[in-house]
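Q: Here it is, the structure in full.
The values are calculated or read from the model by the stated rules, or taken from the named source; none is laboratory data. Just so it is clear, the structure is predicted and the values come from calculations on it, not from any experiment. Neighbour counts are summed over all protein chains in view; Cβ atoms, including those assigned to glycine, are modelled from backbone coordinates with ideal geometry.
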Amino acid sequence: MDRQRVLSGMRPTGRLHLGNWMGALASWVELQEAHECFFMVADWHALTTGYQDTTGLRDNIREMVLDWLAAGLDPERSVLFRQSEVKEHAELHLILSMVTPLSWLERVPTYKEQLRELNGRDLATYGFLGYPLLQAADILAYRATRVPVGEDQLPHLELTREVVRRFNHLFGEVFPEPAGTLHRAAVLPGVDGRKMSKSYGNFIALTADPEEVRTKVQAMVTDPRRIHRADPGRPEVCDVFVFHRLFNAENAEQIAADCRGARIGCVQCKKLMAARLNEVLEPVRRRRAALEEDPELVERILEAGAVRARREAAATLRLVRQAVGL
Ligand code: SF4
């Protein structure tokens, strides 16, 4: 596979959960093996929906980056940086905003969805409408060619591609059109059957201790029609089985067969899952504990990353200014 330049980011929400891990982080760790990767703490993006309360932002950044490192992101191979430390993102966002029709932003599906879902927050702001364009600037500041995304982010990537075509048409070929790579795993269910999410409080943290993992797995939703131990189960509708497939792939077929034949009960099946999950998470927990010993580590990594990121983004902005005639 060609070595490509990859850009992706996460809003700093503090400690990550298994949904974040399977959704994005595991893909990032794989991508850094073969590609030149820039991974960004999207702190300006955090302001677009969370500007009214920024008290936990700094701590959240530290906690999230520690989880990135514990999960295997390597700052020697990948550039890990904080978005707000690379001002070129803001300059490019401004320039792109001049050529982007308002209607393109208004029709992004997540815009209306989030306005509806996050009611209670005042999101009728210029920044909130414009955040998909800020994402475009994040990607284009590095002239990235590959962007790992979840399915819900595909319309944002499409917007970026449209903006690239328009910019290049107006000012000459400056940007490549980035391609999307879907994350490896689909959406992971939380312990209550809904999508695993911090805002639902239904998550299992990446660094949850063994007891917490056991308790949360015991609470998970199984096949609702399997009421008695002797009832045959349907693994295809069971959230615990989603976990078996992801974290216990080598035994998943056997478990599915035993479930269908009522040879295994849900309590036992969950015990197996929790034990397996604890096995998988143990090295992550150990790495995280070792990383926490150095209180300056995250700052050092992000500062060094910002220097590398700025160098690349500054080179892009020189091209952009020249093309635009500034
Ligand atoms: S036995 Fe396992 S896979 Fe089957 S319904 Fe129960 S928890 Fe789900």
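Q: Which of the residues that make up segment 1-47 are surrounded by 20 or more Cβ atoms within 10 Å (Cβ to Cβ), part of a strand (DSSP E or B) and not aromatic (F, W, Y)?
A: V6, L7, S8, G9, M10, H17, C37, M40, V41
Q: Do you know which of the residues in segment 158-177 that are surrounded by 20 or more Cβ atoms within 10 Å (Cβ to Cβ) and either among the hydrophobic types (A, V, I, L, M, F, W, C) or in contact (Cβ under 8 Å) with a residue 60 or more places away in the chain (or both) is nearest to P109 (Cα to Cα)?
A: V163
Condition check ((1) surrounded by 14 or more Cβ atoms within 10 Å (Cβ to Cβ); (2) of a type in the set (K, R)) across all residues:
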position: C238; (1), (2): yes, no
position: H244; (1), (2): yes, no
position: R260; (1), (2): yes, yes
position: R288; (1), (2): yes, yes
position: L291; (1), (2): yes, no
position: D294; (1), (2): no, no
position: V298; (1), (2): yes, no
position: L302; (1), (2): yes, no
position: R308; (1), (2): yes, yes
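Q: Against the condition closer than 20 Å to N20 by Cβ and within 9 Å of the ligand (Cβ to nearest atom), how does M196 come out, does it pass?
A: No: the conditions fail for M196.
Q: What do you reckon, is R285 closer than 19 Å to L25 by Cβ and either free of Cβ contacts under 8 Å to residues at least 12 places away in the same chain or within 9 Å of the ligand (Cβ to nearest atom) (or both)?
A: Spelling it out, it is not the case that R285 is closer than 19 Å to L25 by Cβ and either free of Cβ contacts under 8 Å to residues at least 12 places away in the same chain or within 9 Å of the ligand (Cβ to nearest atom) (or both).
Q: Can you tell which of V217, V240, V163 is out of contact with any His (no Cβ under 9 Å at 6 or more places or on another chain) and either assigned to a loop (DSSP other than H, G, I, E, B) or more than 18 Å from R276 (Cα to Cα) (or both)?
A: Result of the check over V217, V240, V163: V163.
Q: Same structure again: I'd like the full set of residues that are under 18 Å from L246 (Cβ atoms) and either out of contact with any Pro (no Cβ under 7 Å at 6 or more places or on another chain) or of a type in the set (F, W, Y) (or both), limited to segment 196-206.
A: Listed by number, the residues that qualify are S197, N202, F203, I204, A205, L206.
Q: Within segment 75-115, which residues are of a type outside the set (A, V, I, L, M) and assigned to a loop (DSSP other than H, G, I, E, B)?
A: The answer is P75, E76, R77, S78, K87, T100, P101, R107.
Q: Return yes when Q114 is touching a residue at least 40 places away in the same chain (Cβ under 8 Å) and either under 22 Å from R318 (Cα atoms) or not assigned by TED's automatic domain parsing to the domain that holds E36 (or both) and no when it is not.
A: So Q114 does not fit the description; no.
Q: Does A257 satisfy being near the ligand (Cβ under 9 Å from one of its atoms), outside the structural domain of E63 (by TED's automatic domain parsing), over 29 Å from E63 (Cα atoms) and of a type in the set (A, V, I, L, M)?
A: Against the criterion (near the ligand (Cβ under 9 Å from one of its atoms), outside the structural domain of E63 (by TED's automatic domain parsing), over 29 Å from E63 (Cα atoms) and of a type in the set (A, V, I, L, M)), A257 does not qualify.
Q: Do we find a residue being assigned by TED's automatic domain parsing to the domain that holds A144, in contact (Cβ under 8 Å) with a residue 40 or more places away in the chain, touching a Lys or Arg at 6+ places or on another chain (Cβ under 8 Å) and more than 30 Å from F167 (Cα to Cα) anywhere in segment 301-314?
A: Taking every residue of segment 301-314 in turn, at least one turns out to be assigned by TED's automatic domain parsing to the domain that holds A144, in contact (Cβ under 8 Å) with a residue 40 or more places away in the chain, touching a Lys or Arg at 6+ places or on another chain (Cβ under 8 Å) and more than 30 Å from F167 (Cα to Cα).
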